């Protein structure tokens, strides 16, 4: 594929609450460091390159950026990079989604999740400060485990009523937790791990979200299979099949994974992240990849082996 002339508009659009976004977005998790993300000993990224990637993403039509205050490495913060690259002022159509719940110490070590209204408000205010905003477009409550989310989501709903948050979503949740959150306040998106061969048991959940007008935003949609399955004959067979589909389109297997995500329904939003300018253009170009019925059948066989 010729990636240089393809913009995020090729992926189509979806409306998050009242915010229209291109379905191919950008995840900021990888920006602060080189190598594995969210590790205490990660190596800080090149700041100028990270800022250039963000600016290039917006040039390519990306208007949905996913971030969090806990996306940082020594010397680098995703939110600070976003503010420096794009916040002077932010483009009118840019939607910045963030997450609250997980906590990391300044050393980078993980701490207990925020659970009280005061702790969650503190995280919201920290995101506001880092991004230089007077409100947050979208805040996802990131959940760990299957405990009730009503009290925590209720705390965020109060901040929404106070004008600090425009829209609310949930992340890493079960269908039951989504129902619980929706009983408290409107939910515009679900952000869960999902990809080819990963969490196929969530297919019905994905369809339900679409029926309800809720965006489904899969994370690790490119790397998820490797995280779940590791090496072995099954992984090798999957890789060979993906490579065959990719060759037929002159595309990469990462682009095929992203395109498959978008083909799961008009409510599917992709947020691949990278600190590499060439990878960014390749990811954005995946929004223009149109898989055939035969392609989809082959990939469905991988999704449900």
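Counting the residues of segment 47-71 that are touching a strand residue (DSSP E or B) at 6+ places or on another chain (Cβ under 8 Å) and part of a loop (DSSP other than H, G, I, E, B) gives 8. Filtering segment 145-168 down to residues that are free of Cβ contacts under 8 Å to residues at least 40 places away in the same chain, buried (at least 16 other Cβ atoms within 10 Å of the Cβ) and within 20 Å of the chain's Cα centre (by Cα), which residue is nearest to residue 81 (Cα to Cα)? In this case the residue turns out to be 168. Condition (residue is over 25 Å from residue 57 (Cα atoms), assigned to a helix (DSSP H, G or I) and at pLDDT 95 or above) applied to segment 281-288: is it met by at least one residue? Within segment 281-288, none of the residues are over 25 Å from residue 57 (Cα atoms), assigned to a helix (DSSP H, G or I) and at pLDDT 95 or above. Screening residue 184 on (1) closer than 16 Å to residue 14 by Cα; (2) out of contact with any strand residue (DSSP E or B) (no Cβ under 7 Å at 6 or more places or on another chain); (3) not in a helix (DSSP H, G or I) shows it passes everything except condition (1). Do we find that residue 82 is within 19 Å of residue 277 (Cβ to Cβ) and either modelled with pLDDT of 95 or more or surrounded by 22 or more Cβ atoms within 10 Å (Cβ to Cβ) (or both) in this structure? When the stated conditions are applied, residue 82 passes them. Hey, among the residues in segment 202-228 that are surrounded by 19 or more Cβ atoms within 10 Å (Cβ to Cβ) and at pLDDT below 95, which one's nearest to residue 17 (Cα to Cα)? Residue satisfying both the conditions and the ranking: 219.
Scan segment 127-144 for residues that are over 20 Å from the mean Cα position of the chain (by Cα) and either assigned to a helix (DSSP H, G or I) or surrounded by 23 or more Cβ atoms within 10 Å (Cβ to Cβ) (or both) and the total you get is 1. Give the number of residues within segment 244-269 that are assigned to a loop (DSSP other than H, G, I, E, B) and either in contact with a helix residue (DSSP H, G or I) (Cβ under 9 Å, 6 or more places away or on another chain) or closer than 28 Å to residue 204 by Cβ (or both). The total comes to 7.
The values are calculated or read from the model by the stated rules, or taken from the named source; none is laboratory data. Just so you know, these numbers come straight off a predicted model, no measurement behind them. So basically every Cβ, Gly included, is an ideal-geometry build from the backbone, and we count neighbours across all protein chains shown.
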